[in-house]
Structure formats: C-alpha cells, structure tokens
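A short worksheet on the structure shown next.
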Amino acid sequence: MDYSWKEIHERLGGNPESHKDEYVCIDCVEDDGLRGFIEREACVAPCMFCDAESPNLIAASLIEVLLYINECLGVISQ
Ligand SMILES: [Zn+2]
C-alpha cells in the first residue's frame, strides 16, 4: 500500500475502509492492464466476486485495484 488512509479517502471518496478485506481475481476483470496489475499485486486470498479460492496467487486487494484505476484515470485526464 503506497497511500495513507487519508490519501485513499481523498482519491476514492466514500468509505474505502469497508473494502479493505476485499479481493478481486484476474478472472473478474476484463481489462488487460488491470489483469497485469492483479498478477503483480496478487496474494493468497479468495475472490469476493466469484469466490475463487486457490493456493496460487490469484487475487489482489480491491483498494489497490481501485487506486490503480484512479491513477490511470488521472494520467488520461492530464
Ligand atoms: Zn473472481
């Protein structure tokens, strides 16, 4: 996690802490960039969207994924 909770709040709004134990796996995203990000950040956790569980690294923190999307949108809008 490269951000403090304060920064995460500023970037994502809402109540990001409520997602801190949530993970998303590669199969649940279609974007190649996001898949690559999840592969890099993956840890052993069940996916909360499809309930996939694996001894392999398949899922990344939902907050990290949201921050990554947020960064990408920031790059595009600059
Ligand atoms: Zn999944």
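For the range 29-78, filtering for residues that are closer than 19 Å to H9 by Cα, free of Cβ contacts under 8 Å to residues at least 40 places away in the same chain and not aliphatic (A, V, I, L, M) leaves 4. The criterion of at least 1 residues that are within 15 Å of the ligand (Cβ to nearest atom) and surrounded by 15 or more Cβ atoms within 10 Å (Cβ to Cβ) is met by the following helices (runs of 4 or more DSSP H) wholly inside the chain: 32-41, 62-77.
Is it fair to say E53 is modelled with pLDDT of 90 or more and charged (D, E, K, R)? For E53, the condition - modelled with pLDDT of 90 or more and charged (D, E, K, R) - is not met.
Selection of first residues in the range 1-19 that are farther than 16 Å from G74 by Cα and of second residues that are small (G, A, S) and modelled with pLDDT of 90 or more, restricted to Cβ pairs under 9 Å at least 6 apart or on distinct chains, gives the following pairs, ordered by first then second residue: M1/S61; H19/S61.
The values are calculated or read from the model by the stated rules, or taken from the named source; none is laboratory data. Note that the coordinates shown come from a computational prediction; the quantities given were computed from them, not determined experimentally. Glycine also receives a Cβ, built like all others from the backbone with ideal geometry; neighbour counts cover every protein chain displayed.
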